[in-house]
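What follows is a short report on a single structure.
The values are calculated or read from the model by the stated rules, or taken from the named source; none is laboratory data. Small disclaimer: the values here were computed from a predicted structure and weren't measured. Ideal geometry is used to build each Cβ from the backbone, glycine not excepted, and the neighbour counts take in all protein chains shown. The accessibility values were calculated without ligands, DNA or RNA, using every heavy atom of the protein model including side chains. Shrake-Rupley method; radii C 1.70, N 1.55, O 1.52, S 1.80 Å.
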Amino acid sequence: MAINRTPVLKRCRHLGIDPIVLGYTKESKKQLLQPKKHRSNESEYGRQLREKQKAKFIYGVLEKQFRGYYNKARRMKGVTGENLMTILESRLDNVVFRLGFARTRKEARQTVTHGHITVNGRRVDIPSYRVKAGDLVAVAPKAKDLLVIKSALISNERIQVPAWLEVDIEKLQGSVISLPTRDQIDMDIQEQLIVELYSK
């Protein structure tokens, strides 16, 4: 499987992303870099490509899978770009991160892969699994005492859970109230540029 080994903070600076979006805070051991300012004469194609790279990087998705998400979003009812953002947000690894059970999406992906997360009482070890409205996402009973989970809860105690999710920290579980709408997704991504790029 292809892995992007570019340092996270370097990628954040190149794409103009605040590292906090990925779960990296000022307490990180590495020094945070200032977002790179893009030249005003950047081409339209350059802007479209950068938005796609930004979305792929934030959600940890490679090109083939991202293209598949776009095709799925295009076939759905509604606005393609908004559908794409909803699909990305409803990935299980993102939901685990949003609920505060992991400090970063990368950590959430690893937590899911290792079988530490259940959906509706069943263990799910596929990070790209898409949750549905009404699903109950929880930390597996055997994983509740893991240091990585406890550390994440301490780090994320001040982070606000989005309105489309509801969390019970004591039970280490969260409910998917509904799938997110675009105005509930706090990502600085111009998804319309991605649609334009793929539409060419």
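For this structure, a couple of remarks:
- Heavy-atom accessible area order for TYR69, TYR129, TYR45, largest first, 1.4 Å probe: TYR45, TYR129, TYR69
- Prolate/oblate/rounded label for the range 79-141 (Cα gyration tensor, a/c 1.5): prolate
- Full-extension gain in nm, LYS106 to TYR45, via 0.36 nm per residue minus C-alpha separation: 19.1 nm
- Which listed pairs, of LYS72/LYS171; LYS52/LYS200; LYS64/LYS200, have C-alpha distances above 25 Å, in listed order: LYS72/LYS171
- Accessible area, probe 1.4 Å, largest first, for residues THR181, THR111: THR181, THR111
- Gain on full stretching of the segment that runs from SER199 to THR113 - 0.36 nm per residue minus C-alpha separation: 27.6 nm
- Computed P(r) (all Cα pairs; the range 58-200; 5 Å bins; percent): 2, 10, 21, 23, 19, 13, 8, 4, 1, 0
- In Å², nearest 10: area of LEU153 left accessible to a 1.4 Å probe: 40
- Surface per residue (accessible, 1.4 Å probe) for the range 71-154, Å²: 48
- Taking all protein chains together and a 1.4 Å probe, the residues ARG123, ARG91 rank ARG123, ARG91 from largest to smallest accessible area.
- Taking a Cβ cut-off of under 15 Å around ALA163, the surrounding Lys, Arg, Asp and Glu residues balance to a net charge of -2, with basic ones at +1 and acidic ones at -1.
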